[in-house]
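Just so it is clear, none of the values below were taken in a lab; they were calculated from the coordinates. Everything quoted here is computed from the prediction, not taken from an experiment. All Cβ positions, glycine included, derive from the backbone under ideal geometry; neighbour counts span all protein chains shown.
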Amino acid sequence: MTEEIADAGRGISLAYERIGDRGAEPLLLVAGLGQQLHSWPDAFCAQLAERGFEVVRFDNRDAGRSTHPRFRPPSFAAMLAGRFPAQQYGLKDMAADTVGLLDTLGLETAHVAGVSMGGMIAQTVAALSPARVRTLTSIMSTTGARRVGRPALSTWRLMAAKPPKSREEAVERAALMFRHIGSHGFPFDDAWVREAAGTAWDRDPSTGGVGRQLAAILRSGNRTALLRSITAPTLVIHGDRDRMVHPTGGGATARAIPGARLETIPGMGHDLPEGAWPVLLDLIGEHARSSDVTAP
């Protein structure tokens, strides 16, 4: 795996990696809020590649080594009141970044899978650029509707904490957060969470990106009507113990997208526990393979 930088257009550059054989069916993995490309674990990506995919994982704007805007993120109170800076981007802008990455890589189409905010971005790509998406897999995500997919109150309290000021604090914060929102029905891999958090700090110690990405989600509002226009074969995956995006978000997503299929994984929360990989890998791989869509 070699990390490279792609010009996604409109002044945005995205860091990405390609895993697997060039020429294999492309599978684009979109990361969640504040997460970087390695939030899709190396071994998970390698196993997808072994199933015949060329896996592409990348840093969204405002994460990792991709472009970070310089404006100050709005306060949480301002976000809830609907007050955003003039420079604030939205999920449609992040979807355009994703399509720009496909353009740079010379990929006319791809299977697209996203986790959490990444699921929202993937949904938006499928809605606005339908010719580019072979299949859509939306994992632990939601529609933006107010009454579904909301974090637990205990999760909001953790999210409201001040940003970490050191690598050590960032690692401890990640361990605390993922013990809370992670998959309580599977073993918790504390060592991996801490290693991933340390790597994230080393790649990008800035803290404003999470706030700007959260503002992008809230500014984009309820996307249910947009999701009804999606034509790509769609699989929705959600855990039944998700404290970050309540499982009602997955149900609403599946109802909004015509023909979508919902798969609920017992014991899974808001992470990708290794114990759930066999199910996740089968679901993602079989969904892509079941599509009648072929490369142009």
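Things worth noting here:
- Relative contact order of the chain, pairs being alpha-carbon contacts under 8 Å that are 6 or more residues apart, as %: 21 percent
- Going from the residue with the fewest nearby Cβ atoms within 10 Å to the one with the most, Phe188, Phe178 rank Phe188, Phe178.
- For the stretch 220-226, backbone phi angles converted through the Karplus equation (6.51, -1.76, 1.60; θ = phi - 60°) give residue-by-residue couplings of 6, x, 7, 9, 4, 4, 5 Hz, Gly and Pro being listed as x.
- Here is the list for the stretch 1-31: trypsin sites (Lys or Arg not before Pro) lying in DSSP coil, each with at most 14 other C-beta atoms within 10 angstrom of its C-beta, are Arg10, Arg22.
- Taking other Cβ atoms within 10 Å as a rough exposure proxy, Leu14, Leu262 sort from fewest to most as Leu262, Leu14.
- The stretch 228-296: C-alpha gyration tensor shape, a/c 1.5 cut-off, then a/b vs b/c: oblate
- Residue exposure proxy: His38, His68, ordered by other Cβ atoms within 10 angstrom of their Cβ from fewest to most, comes out as His68, His38.
- Most mobile of Gly211, Gly11, Gly20 in a GNM of the chain (Cα contacts under 10 Å): Gly11
- Solvent-free Debye scattering, log10 I(q)/I(0), computed from the Cα coordinates of the stretch 157-296 at q = 0.21 Å⁻¹: -1.29
- More than 28 angstrom apart: percent of Cα pairs within the chain: 30 percent
- Other residues with beta-carbon under 10 Å from the beta-carbon of Phe84 carry, at +1 per Lys or Arg and -1 per Asp or Glu, a net charge of +3.
- Put simply, the amide H of Arg18, placed in the peptide plane, has neighbours under 5 Å in Thr2, leaving out anything fewer than 5 places away on its chain.
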